[in-house]
1. When both residues are 6+ apart or on different chains and their Cβ atoms are under 8 Å apart, which pairs have a first residue that lies in the range 372-397 and is free of Cβ contacts under 8 Å to residues at least 40 places away in the same chain, and a second that is surrounded by 15 or more Cβ atoms within 10 Å (Cβ to Cβ)?
2. When Ser137 is evaluated against the numbered criteria (1) open to solvent by 10 Å² or more (accessible area, probe 1.4 Å); (2) within 15 Å of the ligand (Cβ to nearest atom); (3) outside any strand (DSSP E or B), which criterion, by number, is the only one it fails?
3. Assuming Pro157 fulfils every condition listed in (1) open to solvent by 20 Å² or more (accessible area, probe 1.4 Å); (2) touching a residue at least 12 places away in the same chain (Cβ under 8 Å); (3) outside any loop (DSSP other than H, G, I, E, B); (4) more than 16 Å from the ligand (Cβ to nearest atom) apart from one, which condition is it?
4. Just to be sure before I move on: is Gly341 open to solvent by less than 50 Å² (accessible area, probe 1.4 Å), of a type in the set (Gly, Ala, Ser) and without any contact (Cβ under 8 Å) to a residue 24 or more places away in the chain in the structure I sent?
5. Tell me the helices (runs of 4 or more DSSP H) entirely within the range 1-74 that contain at least 1 residues that are within 16 Å of the ligand (Cβ to nearest atom) and open to solvent by less than 70 Å² (accessible area, probe 1.4 Å).
6. Are any residues in the range 301-323 over 19 Å from Glu385 (Cβ atoms) and either open to solvent by 20 Å² or more (accessible area, probe 1.4 Å) or of a type in the set (Phe, Trp, Tyr) (or both), and if so, which ones?
7. Does any residue of the range 166-179 turn out to be over 22 Å from Gly210 (Cβ atoms), within 16 Å of the ligand (Cβ to nearest atom) and either charged (D, E, K, R) or open to solvent by less than 50 Å² (accessible area, probe 1.4 Å) (or both)?
Amino acid sequence: MNKEVYMEGAEESLLHVYNRFPVVLDHGEGVYLYDTDGKKYLDFAAGIAVMALGYGHEAYNQALKEQIDKLTHTSNLYYNVPVMEAARKFCNISGMDRVFFTNSGAEAIEGAIKAARKYAYIRDGHTDHEIIAMEHSFHGRTMGALSVTGNAHYREPFEPLLGGVRFASYNDIDSVKACINGKTCAIILETVQGEGGIYPADKEFLEEIGRICRQRDILLILDEIQCGMGRCGTMFAWQAYDVKPDIMTSAKALGCGVPVGIFAMTDQVAKQSLVPGDHGTTYGGNPFVGAAVSKVIDLFEELQLVEHVRQVAAYMEEQLDQVVADYDCITGQRGRGLLRGLVTTRPVGAITTEALQEGLLVISAGQDVIRMVPPLVIEREHVDEMIQKLRRVLDRV
Ligand SMILES: *Cc1c(COP(=O)(O)O)cnc(C)c1O
């Protein structure tokens, strides 16, 4: 069967909510993907910042295979060892005290919102609490996560959403302060905005939010679903700031390919929020995803991946500076670590499509940003190869 036949077949039976790239991916190896025609792609998209270990990592695959043969699902009515180990390891790397496993990022956001609302409810018994979220944020597509997503285009068709959400401008502390009142129970933000255009939080901005939250017993929820798990050069992006969230979310690279997310919290929040009967999930935290998360965290340590990210990202930043200097249509770059955005004056879709032709996978963020979120295991030689391909693409568009 050729590519067109696969693509037509998919479009006949899948709900059309994606304009997909015209490629049918077949298998991967290291930081490369291969399509059904055997064409090779250098992957700087990593399935949207998921495949931190690249493809076909032997120890990771082995751990999953062994777990499949043992036990994949139990429900949360019983204990299982892999998820207990994964939870302990996640608490170690994050400094959080308690975790809840979900099946996706959006569900982790749902849980974080519920925990924050319940915390405030226990404190004062009111049922009109408000949450402050950021413009240009992205927290997912479920109704609750959508309610705190700062993109009217995503939200509007599905209104009414959750009530009591106010939007402030990212990196504008006065706009946050203007939203705070006696009903505010939480402030939610991405430490580095991903989908909205790769904007890192300014140090003073995030740290001031942290101070305000502590003073007023408002919970700080940091969404680390895209920027966390080593991508920004620290295990979690917030660890580069003098701040600690009360609740945080993780997903994407957390399972390196298995569907898993987490919302985690401090003991202080855990003791005064969700209790048996308040929240649950059938799949979440099953032994299969537990084994994956557990192995991922071990491998981050073994490969010293966070340190590696810092080194290779510094090199990539230098090389991209050259591209910015050499091309009028690239006006700048921003980001942290291996979460990078190139700002372009050309239609970003034309560039990502041309890159596909060239055998390079990159994606967009916002209207004018080329987003690069490669596997964290890339080496300098892959950066060089990406730059070569990118230059050829930019020469053509
Ligand atoms: C991808 C993403 C989500 C949603 O995760 P899903 O697994 O797609 O539900 C939430 N927040 C951020 C910052 C993300 O990048």
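The values are calculated or read from the model by the stated rules, or taken from the named source; none is laboratory data. Predicted model only: the values in this text are computed from it and were never measured. Cβ: placed from backbone, ideal geometry, glycine included. Neighbour counts: every protein chain shown. Just the protein is used for accessible areas: all its heavy atoms, side chains included, with ligands, DNA and RNA removed. Shrake-Rupley method; radii C 1.70, N 1.55, O 1.52, S 1.80 Å.
1. Cβ pairs passing all conditions: Arg392/Glu358.
2. All conditions pass for Ser137, except number (1).
3. Pro157 satisfies all of (1) open to solvent by 20 Å² or more (accessible area, probe 1.4 Å); (2) touching a residue at least 12 places away in the same chain (Cβ under 8 Å); (3) outside any loop (DSSP other than H, G, I, E, B); (4) more than 16 Å from the ligand (Cβ to nearest atom) except (2).
4. Considered against the rule, which asks whether it is open to solvent by less than 50 Å² (accessible area, probe 1.4 Å), of a type in the set (Gly, Ala, Ser) and without any contact (Cβ under 8 Å) to a residue 24 or more places away in the chain, Gly341 comes out as no.
5. 46-49
6. Glu301, Glu302, Leu303, Gln304, Val306, Glu307, Arg310
7. No, the range 166-179 has no match at all.
Listed here are the residues, each with its yes/no results for (1) touching a helix residue (DSSP H, G or I) at 6+ places or on another chain (Cβ under 9 Å); (2) touching a residue at least 40 places away in the same chain (Cβ under 8 Å); (3) under 25 Å from Gly111 (Cβ atoms).
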residue	(1), (2), (3)
Met134	yes, yes, yes
His153	no, no, no
Gly163	yes, no, yes
Tyr170	yes, no, yes
Ile188	yes, yes, yes
Ile212	yes, no, yes
Asp217	yes, yes, yes
